[in-house]
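S.K.: Input: one structure, supplied below.
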Amino acid sequence: MSVALADLLFYLFAALTLVCGALVVANPFSRNPVTSAMFLVLTIVGLAGLFVLLHAFFLAAVQVLVYAGAVMVLFLFVIMLLDLKEEERRRIRAFGLVAGLVSVGAIFGIFLKALLETRPGRELPAPTLEGTTAPLGKLLFTEYLLPFEIVSVLLLVAIVGVILLSKREIK
Amino acid sequence: MTVGLEHYLVVSAALFALGLFGVIARRNLLILYMSLELMLNAANLALVAFSRFNQSLNGQVMVFFVITVAAAEVAVGLALIVALYRTRRTAHVEDLTTLKL
């Protein structure tokens, strides 16, 4: 892939990610959670594209499978279970909006200032790292074996917890 | 100007800021949850970018764990929201004022 094409694709995916991310949190046309969920899917796809540009192919695939597949299906099921009509009747509170804008402006300003002052990555050599599956798997099952096993226990705990929470009454 | 580490970090910071705005400004529990996911994904993007430009795969392993934990977190959180909705018939943070003095 030529350098110019990669740059173009970066701007394309970055714009997709940020625009859809903005539409998830503040959509001027619809306050329906389903619309937010759909735009979250597009955000995830944009992020997966950025991962591919960063040569993290395995993570791009996992991102689409886990987020756009599993997590979004969960979200849509729960939206289906809840009452949607109520959201559109509520008016937006001005205090929350102002507080949100102020804190977001502050934290984004801090991030930008830190980036501009340190300029990370300026002296680094051109990246050669390839995030293909084999080296990642090797690392996962050697150096990170214990965290990997702990995560499997965490998933088991989550499964049991969800079943317990979903039961109508606990005897 | 070729795309470097800074570009990815700016995108990551902007995405994080969007997620934070959603958590503070919105009142629907589900949209709050989606905003949380946005923030987690912003952190993931920063980690992958650092991993690529630092010539080390450790960042990507970290992202792998973050994705796993986020999936577990979403499952438990959504189950909590459903359980909450069953007892209180609401998914709005404004209606959940039991702990308010």
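The values are calculated or read from the model by the stated rules, or taken from the named source; none is laboratory data. Computed from a prediction, not measured in an experiment: that's the story for all the values here. When we count neighbours, we look across all protein chains shown, and the Cβ atoms used for this are built from the backbone with ideal geometry, even at glycine. Only protein heavy atoms, including side chains, enter the accessible area calculation; ligands, DNA and RNA are left aside. Shrake-Rupley method; radii C 1.70, N 1.55, O 1.52, S 1.80 Å.
S.K.: Which helices (runs of 4 or more DSSP H) sit wholly inside region A:1-82 and have at least 3 residues that are of a type in the set (Ser, Thr, Tyr)?
M.R.: A:33-53
S.K.: Here is a follow-up. Applying the selection to region A:7-56, what residues are more than 18 Å from B:MET39 (Cα to Cα), within 7 Å of chain B (Cβ to nearest Cβ) and out of contact with any His (no Cβ under 8 Å at 6 or more places or on another chain)?
M.R.: Once the filter is applied, which keeps residues that are more than 18 Å from B:MET39 (Cα to Cα), within 7 Å of chain B (Cβ to nearest Cβ) and out of contact with any His (no Cβ under 8 Å at 6 or more places or on another chain), region A:7-56 yields A:ASP7, A:LEU54, A:HIS55, A:ALA56.
S.K.: Could you tell me which of the residues B:LEU38, B:LEU9, B:LEU5, B:LEU18 is modelled with pLDDT under 95, closer than 27 Å to A:PRO120 by Cβ and open to solvent by 30 Å² or more (accessible area, probe 1.4 Å)? Spell out the reasoning first.
M.R.: Working: B:LEU38 fails: open to solvent by 30 Å² or more (accessible area, probe 1.4 Å); B:LEU9 fails: open to solvent by 30 Å² or more (accessible area, probe 1.4 Å); B:LEU5 fails: open to solvent by 30 Å² or more (accessible area, probe 1.4 Å).
The match here is B:LEU18.
S.K.: Condition first: under 13 Å from A:PHE51 (Cα atoms), more than 7 Å from every other protein chain (Cβ to nearest Cβ) and under 18 Å from the mean Cα position of the chain (by Cα). Now tell me which residues in region B:39-58 satisfy that.
M.R.: Matches in region B:39-58: B:ALA42, B:ALA43, B:ASN44, B:ALA46, B:LEU47.
S.K.: What number of residues within region B:72-96 are among the small types (Gly, Ala, Ser), buried (at least 17 other Cβ atoms within 10 Å of the Cβ) and assigned to a helix (DSSP H, G or I)?
M.R.: 4
S.K.: Can you tell me which condition B:ILE31 does not meet? The list is (1) facing another protein chain (nearest Cβ under 7 Å); (2) of a type in the set (A, V, I, L, M); (3) surrounded by fewer than 18 Cβ atoms within 10 Å (Cβ to Cβ); (4) within 16 Å of A:PHE75 (Cβ to Cβ), and all the others hold.
M.R.: (3)
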